[in-house]
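Colleague: Pasting a structure here, questions to come.
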């Protein structure tokens with residue numbers, strides 16, 4: 001990966017562990033659980049799912065499926081949440097389409113509170129629609145159960161680079177057939 005890769009306005013090249021023709025997967029700055037990664041289109045002007053071309057859409061969902069299979073195996077997850085928050089009223093905080101892939105487990109499962117945690121992530125420069133939605137009450141009834149963003153610890157760039165390298169190597173093995181999903 002030689003070209004700079006952006007997630008919205010954020011340079012994330014070193015966090016990327018997979019890249020296809022139109023999409024990429026990266027480790028998360030503040031993962032909700034270990035293995036919480038994102039799949040994002042390379043074209044930065046794709047804010048909504050509807051903005052993808054047919055070719056980009058095919059590539060995007062092939063990437064989501066590949067990373068889904070890989071993360072489930074790599075993190076020995078029982079299930080996964082696959083979440084797209086399309087628009088600020090849906091909880092989208094970075095104006096760039098992205099899909100959350102979040103490992104889930106039978107034990108220590110927090111259930112649908114995972115969505116509250118997704119709601120807590122904020123992006124200070126996102127359009128006024130997000131602020132209006134939050135000011136009007138948003139999903140406050142469910143947010144009271146979530147851990148606030150200021151209590152989640154951002155990881156260092158070195159930590160994210162190390163995780164991206166580990167996932168890149170493991171994904172390569174997975175794609176070669178050296179690892180199998182049970």
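Values quoted throughout were computed directly from the atomic coordinates according to the rules given, and no laboratory measurement underlies them. In this text, all values refer to a predicted model and were calculated from it rather than measured experimentally. Every residue, glycine as well, gets a Cβ built from its backbone with ideal geometry; the counts of neighbours run over all protein chains shown.
Colleague: Let me check against my output: what whole-number percent is the relative contact order of region 1-102, with C-alpha pairs under 8 Å and at least 6 apart? Walk me through the intermediate numbers first.
Modeller: Working: 161 pairs, mean separation 29.5, N = 102.
After rounding, I find 29 percent.
Colleague: Calculate the FRET efficiency for residue 156 and residue 90 from the Cβ-Cβ distance with a Förster distance of 41 Å, rounded to the nearest 0.05. It would help to have the intermediate numbers written out before the result.
Modeller: Numbers: r = 30 Å, r/R0 = 0.73.
Calculated value: 0.85.
Colleague: Checking the a/c ratio against 1.5 first, then a/b against b/c, what shape does the Cα gyration tensor give for region 36-111?
Modeller: Working: a/c = 3.03, a/b = 1.56, b/c = 1.94.
In terms of gyration-tensor shape, oblate.
Colleague: Determine, from the Cβ-Cβ distance of residue 165 and residue 69 and an R0 of 25 Å, the FRET efficiency 1/(1 + (r/R0)^6), rounded to the nearest 0.05. List each step's numbers first, then the result.
Modeller: On the way: r = 20 Å, r/R0 = 0.80.
My answer for the efficiency is 0.80.
Colleague: If you don't mind, another one. Work out how much length residue 79 to residue 4 would gain on full extension: take 0.36 nm times their residue separation and subtract the Cα-Cα distance, in nm to one decimal.
Modeller: Values: separation 75, 0.36 × 75 = 27.00 nm, distance 3.26 nm.
Extending this stretch completely gives an extra 23.7 nm.
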